[in-house]
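Read-outs throughout are calculated quantities, based only on the coordinates presented, and are distinct from any laboratory measurement. In this text the structure is predicted, and so the values were computed from the model without any measurement. Cβ coordinates were reconstructed from backbone atoms using ideal geometry, including for glycine residues, and neighbour counts include every protein chain displayed.
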Amino acid sequence: MKSITVFTPTFNREKTLKRLYDSLCNQSSQDFKWIIIDDGSSDNTSTQADKWIEEGKIEIQYHYQKNKGKLAAQILALDYIDTELFTCIDSDDYMPEDGIHKILKFWNANKKSNSAGIIGLDAYEDGFCGG
């Protein structure tokens, strides 16, 4: 079983999902799976996801729901997460190549019996951290 799930809610983001997909394929640690919750897209998001699943480069689960909004997509994702950790990466974002490795390294070094998770800051390409 994988250690972390990357969850992505998406709605008509066929064109932006490829950058995220590429960044996940290039992770230095493959100890994750990717769950895509398609919130009612009318573009080719499902076709693109099926193609990536067929490629088999990373573990992907794709689920479609009638458009209900991002929160409903997050709630649906919880039904499919079976890993110790999960993180939400939006469909127009991506992860640096060592993102999964850094999350797991920090978690394994710092988790306690009463830990529920960790919080991190987003960063821009220029290195500035947003909040």
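Here Ala72 clears all of (1) under 16 Å from Gln30 (Cβ atoms); (2) not in a strand (DSSP E or B) except the condition numbered (1). Given the condition part of a helix (DSSP H, G or I) and over 23 Å from Pro96 (Cβ atoms), answer yes or no: does some residue in segment 52-67 qualify? Checked segment 52-67: at least one residue is part of a helix (DSSP H, G or I) and over 23 Å from Pro96 (Cβ atoms).
Ser28 meets all of the listed conditions (1) surrounded by 15 or more Cβ atoms within 10 Å (Cβ to Cβ); (2) closer than 18 Å to Thr87 by Cβ but one, namely (1).
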